[in-house]
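Scroll down for the structure; my scribbles are underneath it.
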Amino acid sequence: MRLAFVILAHNDPDNVLRLVKKLSTQDDQIVIHWDKNSRLDLQALAQTTLTHEQKAHVHFCRRVAVAWGRWSVVEATLAALKKVQSLDGAFDYVVLLSGSDYLLRPVTGLKAFLSRHPGKEFIECVDPEQTPWVVKGLVKERFLHHHWFSWRNQRLLFDWSLATQKKLGLKRKLPGNLKPYFGSQWWALTGATVQKVLMLSQKGTIRRFFQSTWVPDEMFFQTLVAAVAPQESIHTVNLTFYHFDHTGKPLLFYNDHFNFLQQQNFFFVRKLSCQAHLLRDKLDHFMADNPTASVAYLAKNMDEYNPFIAVQWRGIPNRRVMGRQTDAWYGDLEWNKTPYFVILAYPQAQLQPLIDELNTLPGIHCFGDLFIGDRIEYGSQEWAHPLYPADKPALRDMKRPNFLVDLIKAHPEHLLGCVMRLPVGNEMERIVLYDPQASIVFILPEDAYLPEDQHPLNWQCAFQNMIMHDHINEARQANKPFLAINTRGHVIAHESIVRLKHTLLALRDSPVTPTTF
Amino acid sequence: MKTIGRVAVPIMQAHRHGKTLTPALDNTDAIKPGAILAFSVLRNETIRLPYFLDYYRKLGVNHFIFVDNDSNDGFMDEVSKHQDCSVWHTQASYKAAKYGVHWLNYLLKKYGRGHWCLTVDPDEFLVFPYCDSRTLLELTAYLDQEQKESFFSIMLDMYGAGTVDDAVYQKDQDPLAVCPWFDATGYYQDKRPNFNEWWVRGGVRRRVFFADQPWHAPALNKTVLVKWHWYYAYVASTHIVWPNRLNRPHFQDTLAPTGCLLHFKYLSLFRDKANEEMERKEHYADSREYQRYLEGINNKTVLWNKASVRFQSWRQCVDLGLMTVGRWF
């Protein structure tokens, strides 16, 4: 089997020549189109760096000044194909590559694959009516209207001309009986089909039509191949692995992507970073160790990429993000996904028996009043956070939600909670009512407004009830479920403690989704 | 009017203070288009220089531009060994030049236009996502592609296990070998309205030196890597840069990669430095910050704490939430 490789390149001559060396080991021929915009003379460089044998495989075609998304890309490809045509002998396949591509598997393996699929055209041909191929931006407008301006350099004119044509209702028709197809720019076609496409491309009507389409390189060959080759011979996957991100830019691969690329069932990869020498070395080693490596079928494996993007879009769950907070009030609580509980009590309630009882439970720890006073009430010293000494409340008060999250994160194996005697006098008493991770327990005073022997009205009791019920109402407004426990003579009944213990044990054992990077 | 003022004033100040700079070593002809440049203001930091140059060269910095504020420790002898360094010398006041900002703005405007410019002190070492396998050039190419002109980072204060005096640094040494510890949590971020910058405070300096008045703790947010245009200007050290959009850490819709700056201040060298700065009073707020540091050093404060974390890699910073990868795959 004899192949012809067409390489379109515009920069990074060292890696272009590296690719050339890799491809020129057998009796295949390579035609390079070197962008006329580049001041460097690649042909002269190739003369000095390639061996005599390699030079026999390498040909340079007429140079075209290439502009991204314009007809010149197709023109450059056609110039290279004409050069291929002029070379001696026939080629079974012509493979279109770019200068930043590299081999994933050796040429021997590629030939074995191609001979197992004789006569197949490896070119993406997607009908825009049926499948959306374009990730973002214009689709049908690419060929339904004239595009005379560059989208990159003349954006305003580009948009204006498109809008004007749309307003005037000007629409174009494809010449002849052509039906538009889209697909990736890179392909591998049989020699016979390339001949036919070249013949067809001579037609003035077709050339003129595509000259003013937008991104013709993702349409021209696809449309013509679909017209000249039988439908069943078109294998709509190409030999090159590539992936577009959500903005339609091709993914770039770096030194750390060797394992990812190994999972891809393809022969070439687009596109490698100019500095990814180590990756190219690793791929070379792989090919040297497996000189006949091939693939049974062409397939992408994005198992690593998709979860990465899904997670990285907004930040890793349960992890702080620097420089992105939608609600500064919440501080680190905004991304905390670890549950905790808060006991909101009135000042006279006797909470110590409750705290002691809760702290006997395995996997649960209840702190004292953390957010009030000149000392942080950790209870015992062993539960103190080393970064927040009990005698330095200013560190806590600088941002109380962050202190709470740091404390929760310091004991990942425990369900933590704390006591707040209302009113606390700072933002925490409100924040916990709205935090979805907080489980709320209210300790309420008894409704003893009119005791017989004291004042006519127990103002203190009424006032405390008012504060507690303010918070309860706020929790109800926030749709926050809570547990309410009534005291009797400021003492919490034993059965209430037992009930609370069961609730917290259930909360401790409820599954928390693990987060991994 | 405000905008005009914000453009014009830094430019005029940079021009005025730039006049005090005299070129001592000029290799700027060697700067190629697209090169990554590092800018730094320093005074008596020669001992740190070899490793500093080595580290950033490996990351992909092509040329170093220094402002030497009257060093007397043989800086010129050391730096003139290197072909990729240029030095401007000045005896003028560091304080009068807004703690070096005007000098930097002058040189950035003159040489940094159109380049990605890294503005770091000699004790700051940049860590960015994938920095063990990708170069700065690849990072900046990615940011270029995403049309982002700046790279946000936060400073991590590194310290040793003992007192500051115990962390003895030798020339050519990796400072991580002396000061491998840092605070993994205890960072605070607020958005400030004037320049829309994220104001991050925390770390060991807040915990030890500013425990009673943590709100006075110095800022840790730094935008050190910027694709420079002629009208850009640093406003307050490298914490704030103008125009405001450069202070934005992330993209509009998603997260962008951010970095960490490992800051090796608490070496034994720091005692002499703090003593000198107390006399010169050339630092921010009459060197009040340095007064606290000096007290801490004299009291033989140990910065290490049970919650300290040993630095391992950039991935650890991502896991701790101090740095993000964004959607850079």
> Residues in the stretch A:325-342: is at least one touching a strand residue (DSSP E or B) at 6+ places or on another chain (Cβ under 6 Å), more than 15 Å from A:K409 (Cα to Cα), away from chain B (no Cβ under 14 Å) and surrounded by fewer than 17 Cβ atoms within 10 Å (Cβ to Cβ)?
Replying inline: no
> What are the residues in the stretch A:359-387 that are of a type outside the set (D, E, K, R), in contact (Cβ under 8 Å) with a residue 40 or more places away in the chain and not in a loop (DSSP other than H, G, I, E, B), if any?
Replying inline: A:I364, A:H365, A:C366, A:F367, A:G368
> Looking at this structure, is B:K148 more than 14 Å from chain A (Cβ to nearest Cβ) and open to solvent by 10 Å² or more (accessible area, probe 1.4 Å)?
Replying inline: no
>> Can you go through A:V66, A:V74 and tell me which one is buried (at least 20 other Cβ atoms within 10 Å of the Cβ) and not in a loop (DSSP other than H, G, I, E, B)?
In response: A:V74
> When the residues of the stretch B:302-329 are filtered to those that are within 14 Å of another protein chain (Cβ to nearest Cβ) and open to solvent by 40 Å² or more (accessible area, probe 1.4 Å), which remaining residue is farthest from the chain's Cα centre (by Cα)?
Replying inline: B:K306
> Within the stretch A:357-400, can you find the residues that are touching a helix residue (DSSP H, G or I) at 6+ places or on another chain (Cβ under 9 Å) and facing another protein chain (nearest Cβ under 10 Å)?
Replying inline: A:H385, A:P386, A:L387, A:Y388, A:P389, A:K392, A:A394, A:L395, A:R396, A:D397, A:M398, A:K399
>> Which of the helices (runs of 4 or more DSSP H) found entirely inside the stretch A:101-210 contain at least 1 residues meeting this: open to solvent by 60 Å² or more (accessible area, probe 1.4 Å)?
In response: A:107-116, A:155-168, A:191-201
>> So, in the stretch B:191-223, how many residues would count as being aromatic (F, W, Y), more than 9 Å from every other protein chain (Cβ to nearest Cβ) and not in a helix (DSSP H, G or I)?
In response: 2
>> Taking the condition of being in contact (Cβ under 8 Å) with a residue 12 or more places away in the chain and of a type in the set (S, T, Y), how many residues in the stretch A:128-172 meet it?
In response: 2
> Does A:N359 fit the bill of being more than 25 Å from B:Q213 (Cα to Cα), assigned by TED's automatic domain parsing to the domain that holds A:H411 and out of contact with any strand residue (DSSP E or B) (no Cβ under 7 Å at 6 or more places or on another chain)?
Replying inline: no
>> Here is a list: A:R207, A:R172. Which entry is closer than 27 Å to A:G99 by Cα and either at pLDDT 90 or above or touching a His at 6+ places or on another chain (Cβ under 7 Å) (or both)?
In response: A:R207
>> I'd like the full set of residues that are of a type in the set (F, W, Y), within 14 Å of chain A (Cβ to nearest Cβ) and either open to solvent by less than 20 Å² (accessible area, probe 1.4 Å) or in a loop (DSSP other than H, G, I, E, B) (or both), limited to the stretch B:151-190.
In response: B:F151, B:F152, B:Y159, B:F182, B:Y187, B:Y188
> Does the stretch B:260-274 contain any residue that is among the charged types (D, E, K, R) and assigned to a strand (DSSP E or B)?
Replying inline: no
>> Given (1) farther than 30 Å from B:S287 by Cβ; (2) open to solvent by 50 Å² or more (accessible area, probe 1.4 Å); (3) away from chain A (no Cβ under 14 Å), identify the lone condition not met by B:Y99.
In response: (1)
> Among A:P456, A:P451, which is more than 22 Å from A:H385 (Cα to Cα), open to solvent by less than 80 Å² (accessible area, probe 1.4 Å) and either at pLDDT below 90 or in the same structural domain as A:D369 (by TED's automatic domain parsing) (or both)?
Replying inline: A:P451
> Looking at (1) away from chain A (no Cβ under 14 Å); (2) in a loop (DSSP other than H, G, I, E, B); (3) open to solvent by 40 Å² or more (accessible area, probe 1.4 Å); (4) not hydroxyl-bearing (S, T, Y), which is the one condition that is false for B:E282?
Replying inline: (3)
> So which of A:A276, A:A288 ends up being of a type in the set (A, V, I, L, M, F, W, C), within 23 Å of A:N11 (Cβ to Cβ) and either open to solvent by 40 Å² or more (accessible area, probe 1.4 Å) or within 11 Å of another protein chain (Cβ to nearest Cβ) (or both)?
Replying inline: A:A276
> For B:Y266, which of the numbered conditions (1) away from every other protein chain (no Cβ under 14 Å); (2) open to solvent by 10 Å² or more (accessible area, probe 1.4 Å); (3) in contact (Cβ under 8 Å) with a residue 60 or more places away in the chain; (4) not aliphatic (A, V, I, L, M) fails to hold?
Replying inline: (2)
> Going by the conditions given, is A:M322 within 11 Å of chain B (Cβ to nearest Cβ), of a type outside the set (V, I, T), under 30 Å from A:T240 (Cβ atoms) and assigned to a loop (DSSP other than H, G, I, E, B)?
Replying inline: no
> What are the residues in the stretch B:242-263 that are under 22 Å from B:G162 (Cβ atoms) and either within 14 Å of chain A (Cβ to nearest Cβ) or not hydrophobic (A, V, I, L, M, F, W, C) (or both), if any?
Replying inline: B:H263
>> Quick test for you: out of A:L8, A:L40, A:L97, A:L17, pick the one residue that is in a helix (DSSP H, G or I) and either among the hydrophobic types (A, V, I, L, M, F, W, C) or buried (at least 18 other Cβ atoms within 10 Å of the Cβ) (or both).
In response: A:L17
>> Testing B:A38 on (1) surrounded by 16 or more Cβ atoms within 10 Å (Cβ to Cβ); (2) assigned to a helix (DSSP H, G or I), one condition comes back false. Which one is that?
In response: (2)
> If a residue has to be more than 30 Å from A:T108 (Cα to Cα) and within 7 Å of another protein chain (Cβ to nearest Cβ) to count, how many in the stretch A:291-313 make the cut?
Replying inline: 4
> If you scan the stretch A:456-488, which residues turn out to be part of a helix (DSSP H, G or I), aliphatic (A, V, I, L, M) and in contact (Cβ under 8 Å) with a residue 24 or more places away in the chain?
Replying inline: A:I467, A:M468, A:I472, A:A475
> (1) assigned to a helix (DSSP H, G or I); (2) crowded, with 18+ Cβ neighbours inside 10 Å: which one isn't true of A:F442, the others all being true?
Replying inline: (1)
> For the stretch B:224-238, how many residues are surrounded by 19 or more Cβ atoms within 10 Å (Cβ to Cβ) and either facing chain A (nearest Cβ under 10 Å) or farther than 18 Å from B:P249 by Cβ (or both)?
Replying inline: 2
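The values are calculated or read from the model by the stated rules, or taken from the named source; none is laboratory data. These numbers were taken from a predicted model, which means no experiment stands behind them. FYI the Cβ positions are ideal-geometry reconstructions off the backbone, even for glycines, and counts take in every protein chain you see. For the accessible areas, the whole protein counts, side chains as well, though only heavy atoms, and no ligand, DNA or RNA atoms are used. Shrake-Rupley method; radii C 1.70, N 1.55, O 1.52, S 1.80 Å.
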